[in-house]
Amino acid sequence: MFKILFAPLQGYTTSAYRKVHAEFAGGIDAYYAPFLRVENGVPRAKDLRDLDGEDVRTVAKTVPQIIANCVEEFRILADALQQKGFNEIDFNMGCPFPMQVNHHRGSGLLSDAKTVDAIMEEIARRSSYHESGTSVKFSVKMRLGQESNEETFALLPILNEAPLAHITLHPRLGRQQYKGALDFEAFDRFYTECKHPLYLNGDIATVERIRKLESKYPKLAGVMIGRGLLANPALAIEYKTGCTWNELDRQELVLKMHAALMDYACRTYQGASQILSHLQSFWEYQESNIPKKIFKKIRKAGNLTDYQTATNMLSHSNGC
């Protein structure tokens with residue numbers, strides 16, 4: 001049976017969301033936190049707080065992720081996480097968004113074999129020893145390249161020699177972002193030539209899809225799912241148990257998760273705008289499951305009273 005990893009999505013898979021999902025849905029082997037990056041020469045405070053407040057390590061395994069454009073940034077971020085006690089770290093070479101790509105981070109790093117090689121050497125050093133006397137496991141999440149598949153295949157010999165726990169590959173180019181079909185021809189080649197345990201990420205939204213991948217790629221370690229789990233939080237547990245949930249059960253799960261997130265938001269944030277900002281993103285990937293009128297009311301709510309009125313309507317609808 002595949003392992004199921006929950007992909008990191010900035011603004012969605014927050015510490016609170018990860019904790020709530022683990023409590024009410026489950027089925028996840030590891031939750032990957034949105035990437036930590038350098039800001040003004042130090043780890044971004046907001047990203048570090050996400051790894052602090054709700055300590056989901058007591059509920060489910062959480063793996064922090066870092067994004068860097070050079071070995072110096074990598075060291076700053078890895079040091080911060082190791083000082084927090086994390087002994088497993090994921091390195092992001094797959095983020096396709098221009099703000100990161102233009103700063104030579106994420107998939108923008110895939111064309112720079114020299115820098116990737118330097119970072120892999122740093123990973124090798126940290127994997128064998130750290131000042132605390134403990135070793136650290138590193139994994140990589142990546143794309144097929146930014147502009148061309150050949151970028152990744154030029155890196156593969158370097159990655160194969162690095163002491164990586166696994167690689168997660170999203171078989172699209174960075175410039176595609178999330179558009180176009182997955183390139184399974186290139187993925188098949190990577191699957192054959194990669195020496196590390198391999199996970200597939202991208203366009204996985206049903207149990208049937210997971211089972212087809214399981215049948216086609218018997219050596220695959222598992223899958224990493226992001227948007228598919230945000231749309232159907234029960235997806236992993238349905239696969240793990242072999243039991244398909246009906247619409248009402250899925251609706252109940254979503255409403256329970258939302259209630260817990262709302263309680264958290266009201267206890268944590270100050271002011272209606274902060275609370276609404278935190279909660280409204282929860283529904284974005286539920287759009288196809290929610291009656292259109294209710295979805296619009298949720299998204300347009302400008303105060304908590306209107307928002308609660310709209311979300312309460314879901315309890316009386318035929319499904320969400």
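The values are calculated or read from the model by the stated rules, or taken from the named source; none is laboratory data. These numbers were taken from a predicted model, which means no experiment stands behind them. Using ideal geometry, Cβ is built from the backbone for each residue, glycine included, and neighbour counts are taken over all protein chains shown. What goes into the accessible areas is simple: the full protein's heavy atoms, side chains included, and nothing from ligands, DNA or RNA. Shrake-Rupley method; radii C 1.70, N 1.55, O 1.52, S 1.80 Å.
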> Do the conditions hold for LYS293, that is, is it within 26 Å of ILE204 (Cβ to Cβ) and more than 21 Å from the chain's Cα centre (by Cα)?
Replying inline: no
> Would a scan of the stretch 90-112 turn up a residue that is among the charged types (D, E, K, R), within 30 Å of CYS266 (Cβ to Cβ), out of contact with any strand residue (DSSP E or B) (no Cβ under 6 Å at 6 or more places or on another chain) and free of Cβ contacts under 8 Å to residues at least 40 places away in the same chain?
Replying inline: no
> Filtering the stretch 75-114 down to residues that are small (Gly, Ala, Ser), assigned to a loop (DSSP other than H, G, I, E, B) and under 16 Å from ALA33 (Cβ atoms), which residue is most open to solvent (accessible area, probe 1.4 Å)?
Replying inline: GLY85
> In the stretch 290-310, what residues are open to solvent by less than 60 Å² (accessible area, probe 1.4 Å) and under 17 Å from LEU230 (Cβ atoms)?
Replying inline: ILE290, PHE295, ILE298
>> Against the condition among the hydrophobic types (A, V, I, L, M, F, W, C), within 30 Å of GLU208 (Cβ to Cβ), assigned to a strand (DSSP E or B) and at pLDDT 95 or above, how does LEU9 come out, does it pass?
In response: no
>> What pairs come out if I take residues in the stretch 183-210 that are among the acidic types (Asp, Glu) and pair them with residues that are at pLDDT below 95 and open to solvent by less than 10 Å² (accessible area, probe 1.4 Å) whose C-beta lies under 9 Å away, six or more apart or interchain?
In response: none
> Where residues in the stretch 140-152 are touching a residue at least 40 places away in the same chain (Cβ under 8 Å) and open to solvent by 10 Å² or more (accessible area, probe 1.4 Å), which of them is nearest to LEU200 (Cα to Cα)?
Replying inline: LYS141
>> Please go through the stretch 241-276 and give me each residue that is touching a Phe, Trp or Tyr at 6+ places or on another chain (Cβ under 8 Å) and open to solvent by 60 Å² or more (accessible area, probe 1.4 Å), ordered by number.
In response: LYS256
> If we keep just the residues of the stretch 48-74 that are at pLDDT 95 or above and in a strand (DSSP E or B), which is surrounded by the fewest Cβ atoms within 10 Å (Cβ to Cβ)?
Replying inline: VAL63
> Does ARG175 meet the test of being open to solvent by 10 Å² or more (accessible area, probe 1.4 Å), of a type outside the set (Val, Ile, Thr), farther than 30 Å from PHE24 by Cα and in a helix (DSSP H, G or I)?
Replying inline: yes
> Regarding ALA124, is this residue surrounded by fewer than 18 Cβ atoms within 10 Å (Cβ to Cβ), in contact with a helix residue (DSSP H, G or I) (Cβ under 8 Å, 6 or more places away or on another chain) and in a helix (DSSP H, G or I)?
Replying inline: no
> Residue check: is LYS137 more than 27 Å from GLY202 (Cα to Cα), open to solvent by 10 Å² or more (accessible area, probe 1.4 Å) and not aliphatic (A, V, I, L, M)?
Replying inline: no
> Scanning for something closer than 29 Å to LEU81 by Cβ, in contact with a Leu (Cβ under 6 Å, 6 or more places away or on another chain) and open to solvent by 10 Å² or more (accessible area, probe 1.4 Å), does the stretch 153-166 turn up at least one residue?
Replying inline: no
>> Just checking, does the stretch 37-44 include any residue being among the aliphatic types (A, V, I, L, M), at pLDDT below 95, more than 19 Å from GLY202 (Cα to Cα) and open to solvent by less than 50 Å² (accessible area, probe 1.4 Å)?
In response: no
> Which members of the stretch 178-205 meet the condition of being part of a loop (DSSP other than H, G, I, E, B), within 19 Å of ARG227 (Cα to Cα) and not β-branched (Val, Ile, Thr)?
Replying inline: TYR178, LYS179, GLY180, ALA181, LEU182, ASP183, GLY202, ASP203, ALA205
> Only one of (1) among the hydrophobic types (A, V, I, L, M, F, W, C); (2) in a helix (DSSP H, G or I); (3) under 30 Å from ILE167 (Cα atoms) is not met by LEU253, so which one is it?
Replying inline: (3)
>> With the requirement that a residue be open to solvent by 50 Å² or more (accessible area, probe 1.4 Å) and either modelled with pLDDT under 95 or not hydroxyl-bearing (Ser, Thr, Tyr) (or both), what does the stretch 214-240 give you?
In response: GLU214, LYS216, PRO218, LYS219, ARG227, LYS240
> Going through the stretch 260-317 one residue at a time, which ones are without any contact (Cβ under 8 Å) to a residue 24 or more places away in the chain and acidic (Asp, Glu)?
Replying inline: ASP263, GLU287, ASP306
